[in-house]
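A quick write-up on the structure given underneath.
All of the numbers you see were taken from the coordinates with simple rules; none came from a lab. If you're wondering where the values come from, they're calculated on a predicted model, not measured in any experiment. FYI the Cβ positions are ideal-geometry reconstructions off the backbone, even for glycines, and counts take in every protein chain you see.
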Amino acid sequence: MNRRPLWEQIVQQLEMRHEELGLAVLQHIKLVAVSMGIAIAIGVALGIAVSRIKALEGPVIGTASTLQTIPSLALLGFMIPFFGIGELPSIIALFLYSLLPIIRNTHAGIAQVDKSVIEAASGMGMTDAQILFRIQLPLAFSVIMAGIRTSAVINVGTATLAAFIGAGGLGDFIFLGISRSMDALVLIGAVPAALLALLLDFVLGRLGRAVTPKGLKI
Amino acid sequence: MVEFDNVSKVHKNGFQSVRSLSFRVHRGEFLVVIGPSGCGKTTTLKMVNRLIPHTSGTITVDGRDIARQNVVELRRNIGYVIQQIGLIPHYTIEENIALVPGLKGWDRRKIRKRVEELLHLVGLDPAVFARRYPKELSGGQQQRVGVARAMAADPALILMDEPFGALDPITRDQLQDEFLRLQKEFRKTVIFVTHDMDEAIRLGDRIAVLKDGELLQLDTPEQLLTNPVHGFVEQFIGKNRIFQNPELLPVTEVMRTDPATIDPLRSPERAITHMRQRRTDTLLCVDGQGRLLGIVSAYDLQGDAARIASVGEIMQPAEPVLPLDATARDALVKIAEARFGLVPIVDEHGKLSGIVTKGSLLSFLAGRWKDEKAGVGS
């Protein structure tokens, strides 16, 4: 029915829907930001807990890994019986999906801190909390940051699926485009999502480098 | 300063790494704990600052039971140096040294002054090193910082776990010397773990030999070398080590007891004959009681034989002379300045007991070397 070149379609759709698109981008960012915020807070805390209490390592990493194996679409579907549809179930699903890389990297980052540094520090009378906040976390920061980056990029992509359970965001355009066989609409949803992922990756990468302690860069 | 009273460590799996250890380290003393790997020496050290808790007995530091002290307080008052150094990589050298004073809440100006003072003490220029990071320093420099960090809050006691073990031999020698100087200057009490006997002898005021968690002997290096109380101690320190330490070998071991002697009243002709018989070019003049009077040499005899009636007339004073309780080291030193290439050894009454010659020193050492090569032991 629509034989015009793709770029003309895109221009036409953008003229019609630019307000909607703006809202969708904001909605998408909101889904990602809230779910990532919670994932970082809880993921880092769990990563620290796992690195201190050996017994937690199996259950926590195991659970997070299992969550990661569930297809993202299925996980979103799972949420409906418990939380209905809309933003809340989407954020919960995205949060669960983002946990594993953060927990794992926090654990790995703390574990890779030289044992002799910890021994010397505790032998000189630093408390466990001082060792954690002044030595282990700063030294683990770049590794934790890498985990957050991985999570964030996956999260932006997965968030497009949240449209399925009525959370809105850029996914709305993609699904609309698919159901109407309109490539232009798919692209209007997909390209901003991809750009968002790249931008986030770049910003977090920069941030990671900026907060890497100076003594480690030499 | 530090006292172990019947201290044992039993691990969860039932292994007993330290068995009823009792000893005392005096204030200002440098105690070296030595033994083969797995003997419990590191465990012993780490029990003092409670990095490893002991399971029975009492350890007191400065008269106070460590088990009843706040562990953080205890550790902040004890310096700690380990082989892997363990400098905090994202702290500058200055911040690393300032760590304990900072934890103790000293004020900034005082800390800064102290850091500067310590860097000077360990031979690092603060202007060059204070702002650097550990990675920018060599291993030897890093351990200098490690030592400075341990001394930062001026603890009376410093624990050291093979601190120089990972350094190259030249750097190790330097650091040993410098640390010993610092320890004596500031009268720190030091407990120092090593498996290197040379290091132990060099540094220790006393050495504790541990095996299988038991204390076999705790003595001065001299006592340990000359008087090992246990077969293992003897084997571990190696008897041959004595020859690397000639100051520990009595001169009687390297002297000949049959020197060629002559009564100074004898004629020069008789002396020359005697020399020929004994195949020597010097005779020691002794009186009737065997007391040493002087030395005559073949050279002097040949020149003056026609002119004199007795060798006493051309006898030269015997210099240098060593007493019986001298060491092989004294002999080595004296022989270099002895006019006739020999050093007479006399007892407390001036009686000649023997002589050390270059030949007797050499043949003694060569004999030891041969035994060792043949695997006979010495």
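Legend: mean number of C-beta atoms from other chains within 10 angstrom of residue C-beta atoms, peptide B:276-283, equals 0. Inter-chain neighbour count for B:73-85: the average number of beta-carbon atoms from partner chains within 10 Å of each residue's beta-carbon is 3. All C-alpha to C-alpha distances of the protein assembly as shown, sorted into 20 Å bins beginning at zero, yield P(r) values of 15, 29, 24, 17, 8, 5, 2, 0 percent in whole numbers. The protection proxy used here, the mean number of other Cβ atoms lying within 10 Å of each residue, ranks peptides B:163-169, A:202-208 as follows, highest first: B:163-169, A:202-208. Computed over chain A with a Gaussian network model linking Cα atoms closer than 10 Å, the most mobile of A:13, A:27, A:136 is A:13.
Tell me the mean residue ellipticity at 222 nm calculated for chain A from its helices only (DSSP H runs of n ≥ 4, each -39500 (n - 2.57), averaged over every residue, nearest 500).
Value at 222 nm, helices only: -27500 deg cm²/dmol.
Mind telling me which of B:346, B:193, B:100 comes out most flexible in a GNM of chain B, alpha-carbon contacts under 10 Å? So, out of B:346, B:193, B:100, the one fluctuating most is B:346.
What does the highest-first list of B:49-55, B:350-356, B:297-303 look like by mean Cβ count within 10 Å?
Top to bottom by mean Cβ count within 10 Å: B:350-356, B:49-55, B:297-303.
Computed over Cα pairs, the Kirkwood radius of chain A leads via Stokes-Einstein (0.890 mPa s, 25 °C) to a diffusion coefficient of 128 µm² per second.
Over the residues of chain B, the helix contribution to mean residue ellipticity at 222 nm works out to -10500 deg cm²/dmol, using -39500 (n - 2.57) for each DSSP H run of at least 4.
Note down the relative contact order for chain B as a percent, whole number, built from C-alpha pairs under 8 angstrom at least six residues apart. Over chain B, the number comes to 15 percent. Taken as entire DSSP H runs, the helices of chain A that both span 27 Å or more between Cα atoms along their own long axis and average 0.5 or more on the Kyte-Doolittle scale are A:6-52, A:87-111, A:137-159, A:183-211.
Over segment A:1-124, the pair-distance histogram of Cα-Cα distances with 10 Å bins from zero comes to 12, 27, 24, 18, 11, 6, 2, 0 percent, rounded to whole numbers.
Computed over the alpha carbons of chain B, Rg followed by Dmax gives 28.6, 91 Å.
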